[in-house]
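Everything on this sheet refers to the single structure shown next.
The values are calculated or read from the model by the stated rules, or taken from the named source; none is laboratory data. Everything numeric in this text was worked out from a predicted model, so none of it was measured. With ideal geometry, Cβ positions are generated from the backbone for all residues, glycine too; neighbour counts draw on all protein chains shown. Surface accessibility is based on the protein's heavy atoms, side chains included, excluding ligands, DNA and RNA. Shrake-Rupley method; radii C 1.70, N 1.55, O 1.52, S 1.80 Å.
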Amino acid sequence: MIGDVPRREQTGAVAAQVGVISALFIREMLTRVGRSRLGILWLMAEPIILSSLISLLHWLSGSDLPNGLPVFLFYALGYVPFMMFRSIVNRGAHAIHANISLLHHSRITLLDVMVSRNLMEAMVCSTVIALYMVIATLFMGEPPHQPALFIFGLTLSALLAHGLAMVLASAQVVWEWVEHLVHPFTYLMLPISASFFMLDMMPQETRELLLWNPLVHVHEMNRWAMFGDRVTPYYDVSYVLLWIIMLNLLGMAGLRVARVRLSISD
């Protein structure tokens, strides 16, 4: 019985932390969409409209893809994962200043705030992607080749974005000018993320340069998970995991520094 006490205390602490994140998640959701169902629909509609318009423009332009890849689906399933990455980074980077009043509660940490906000962004875009896959399967005859691998790729992308968001959020506490770099940085990431092209289309020198970007590996893996042997992917999961570990460790260390700089007692 005595030996079980620490384990029970640890389990209780984890459950309490999960409860804090859940409450923050609901608060974030209500802040974004309000209490109306229309707000929830708009939250889903925004990525659908943007990705559909981009895909429609490519389809109307008469763009052809190799091996009979469906143009609309190719661009939609390339843009939405990038949109998830960009949304997590953009909104997560401002999470500290947006929720600074909550940090006076001793049980709420900066990590709780980051996780709750970034989790919501990931869930919204993942739901949109699932909707596209259902449509592709039922109406386009394009079922995903390996749906579990696509889910894994989305998870990797979200973890990359989460780590980067923590780094940028903590950096803004120390250097205010970082705030002005976040949006331009995420927009500049789009043309080098392989969202709208395959590395197999690129010259070898260009391909090798692009592979330094871990997000490129994720998009290449997602594309193969969707279309299978009709594409020739270039990706290394271990390289992406290394980036995830480095960014998240650096981000969590940055949050500790930021908490001290904010002079908010735990």
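Under 5 Å from the amide H of Asn213 lies no amide H of any residue 5 or more positions distant or on a separate chain, with H modelled from the backbone and absent for Pro and chain starts. Take Trp224: with every protein chain present and a 1.4 Å probe, its accessible area is about 50 Å². The accessible area of Tyr234, taken with all protein chains in place and a 1.4 Å probe, comes to roughly 70 Å². Each Lys and Arg contributes +1 and each Asp and Glu -1, all at the Cβ; summed about the Cα centre of segment 153-266, the dipole is approximately 280 debye. Rounded to the nearest Hz, the phi-derived 3J(HN,Hα) couplings of segment 207-221 under the Karplus curve 6.51 cos²θ - 1.76 cosθ + 1.60 (θ = phi - 60°) are 4, 5, 5, 5, 6, 5, 7, x, 5, 4, 4, 5, 5, 5, 5, where x marks glycine and proline.
Once a ≥ b ≥ c are taken as the square roots of the eigenvalues of the Cα gyration tensor of the chain, is the result rounded (a/c under 1.5), prolate (a/b larger than b/c) or oblate (a/b not larger than b/c)? Spell out each step's value before the answer.
Working: a/c = 1.81, a/b = 1.69, b/c = 1.07.
Taking the square roots of the gyration eigenvalues as a ≥ b ≥ c, the chain is prolate.
Entry note, the chain: the mean residue ellipticity at 222 nm calculated from DSSP H runs of n ≥ 4, each adding -39500 (n - 2.57), is -25500 deg cm²/dmol after division by the residues and rounding to the nearest 500.
Per-residue extension of 0.36 nm, minus the Cα-Cα distance of Leu60 and Met201, leaves a gain of 48.7 nm for this segment. Selection among Ser195, Leu24, Trp224 by position relative to the dipole of the chain gives Leu24 as farthest towards the positive end (Cβ unit charges, Cα centre). Overall form of segment 84-216: oblate. Here a/c, set by the Cα gyration tensor axes a ≥ b ≥ c, is 1.5 or more, and a/b is not larger than b/c. Build a GNM of the chain with springs between Cα atoms under 10 Å apart, and of Leu110, Leu242, Leu250 the one that fluctuates most is Leu242. Extension gain for Trp212 to His94 (0.36 nm times residue separation, less C-alpha to C-alpha distance): 39.8 nm. Within the listed set Thr109, Thr206, Thr127, the residue fluctuating most in the Gaussian network model of the chain (springs between alpha-carbon atoms under 10 angstrom) is Thr206. Shown are Val20, Val216, whose ranking by accessible area with a 1.4 Å probe and every protein chain present, most to least, is Val20, Val216.
What separates the Cα centres of segment 220-257 and segment 75-91 is a distance of 14 Å.
Taking label positions 7 Å along the Cα-Cβ direction at both Leu50 and Leu181, the computed distance is 2.2 nm, reported to one decimal.
Please give the charge dipole size of segment 13-261, origin at the Cα centre, charges +1 on K and R Cβ atoms and -1 on D and E Cβ atoms. Round to the nearest 20 debye. Please report the intermediate quantities before stating the final value.
On the way: 14 positive and 14 negative charges, 204 e Å.
Dipole size: approximately 980 debye.
Peptides 80-87, 50-57: what's the order by average Cβ count within 10 Å, highest mean first?
Values: 80-87: 24.4, 50-57: 16.9.
Answer by packing, highest mean first, reads 80-87, 50-57.
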